[in-house]
1. Name the helices (runs of 4 or more DSSP H) wholly inside the stretch 1-87 in which the number of residues that are touching a Lys or Arg at 6+ places or on another chain (Cβ under 9 Å) is 2 or more.
2. Give the number of residues within the stretch 16-35 that are surrounded by fewer than 19 Cβ atoms within 10 Å (Cβ to Cβ) and either over 23 Å from residue 175 (Cα atoms) or among the hydroxyl-bearing types (Ser, Thr, Tyr) (or both).
3. Of the residues that sit in the stretch 132-160 and are of a type outside the set (A, V, I, L, M), part of a helix (DSSP H, G or I) and more than 13 Å from residue 3 (Cβ to Cβ), which one is modelled with the lowest pLDDT?
4. Please find, among 110, 170, 87, 114, the residue that is crowded, with 17+ Cβ neighbours inside 10 Å and at pLDDT 90 or above.
Amino acid sequence: MTIISIFFIGFIASFIGSLPIGMLNMTVMEISFSKSLKQGVLFSAGAAFTEFFQAIIALKFSSWFLGNPTVEMMIKLSVIPVLLIFGVVHLRKKLNGSTSKENKTGSYSGFSKGMFLSGINPISIPFWVFYAVWFQSMGWISFETFPAVMFVIGITLGTFVCLSLYGKVGQYIFSRIAILNLWMNKIVGSVFIILALYQSAMMINTYWL
């Protein structure tokens with residue numbers, strides 16, 4: 001495989017992996033509407049920046065993770081309380097019937113929030129362990145230094161582009177559908193709660209049934 005091909009494998013896998021509704025893409029939609037699209041893009045950049053290092057860890061320690069299924073289980077379990085906490089926080093927020101100009105242009109840092117949320121959602125590490133090993137077994141990528149770096153750069157840009165598109169779509173939807181604007185925090189909070197329940201059900205089905 002050429003270096004360009006390895007880059008695009010990482011990009012496409014990351015873009016598709018970021019498409020399902022989750023904590024990061026729901027948050028970037030909210031930020032893009034309640035703050036600004038610029039803050040949404042900064043959030044996307046922060047999340048992608050953190051995933052760059054998570055992907056490096058996944059590739060570096062893939063053999064160790066594969067030999068320690070308990071570690072993967074603990075990582076997946078840690079995601080559940082994170083989703084529940086963010087769900088409750090959004091459900092308790094006041095309805096955003098109107099958003100002030102000051103709230104949209106404050107000193108709020110989307111980049112740091114993107115880094116933080118991506119950092120406390122380490123499920124991407126076992127995700128990239130699985131796909132890195134699978135891609136290597138198919139002969140699509142190599143764990144040699146330069147191909148691995150290009151693969152990780154592709155992952156980083158794929159995440160950034162997908163989240164940025166979510167921000168643009170979220171801004172468009174919420175600005176045109178009044179009822180979604182009014183209930184935005186309730187919608188985002190409910191999605192987080194549903195994701196936590198789904199993750200719990202998957203854990204029970206995988207490890208205890």
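The values are calculated or read from the model by the stated rules, or taken from the named source; none is laboratory data. None of these values were measured; they are calculated from a predicted model. With ideal geometry, Cβ positions are generated from the backbone for all residues, glycine too; neighbour counts draw on all protein chains shown.
1. Values: elements: 3-18, 23-34, 37-60, 62-66.
Answer list for the stretch 1-87: 23-34, 37-60.
2. Residues in the stretch 16-35 being surrounded by fewer than 19 Cβ atoms within 10 Å (Cβ to Cβ) and either over 23 Å from residue 175 (Cα atoms) or among the hydroxyl-bearing types (Ser, Thr, Tyr) (or both): 2 in total.
3. First pass over the stretch 132-160, keeping only residues of a type outside the set (A, V, I, L, M): 134-137, 139-140, 142-147, 151, 154, 156, 158-160.
Pick out the ones that are also part of a helix (DSSP H, G or I) and you get 134-137, 145-147, 151, 154, 156, 158-160.
Right, trim to more than 13 Å from residue 3 (Cβ to Cβ) and you get 134-137, 156, 158-160.
Working: 134: 78, 135: 82, 136: 78, 137: 70, 156: 96, 158: 96, 159: 96, 160: 97.
If we take residues in the stretch 132-160 being of a type outside the set (A, V, I, L, M), part of a helix (DSSP H, G or I) and more than 13 Å from residue 3 (Cβ to Cβ), then 137 is modelled with the lowest pLDDT.
4. Details: 110 fails: at pLDDT 90 or above; 170 fails: at pLDDT 90 or above; 87 fails: at pLDDT 90 or above.
Result of the check over 110, 170, 87, 114: 114.
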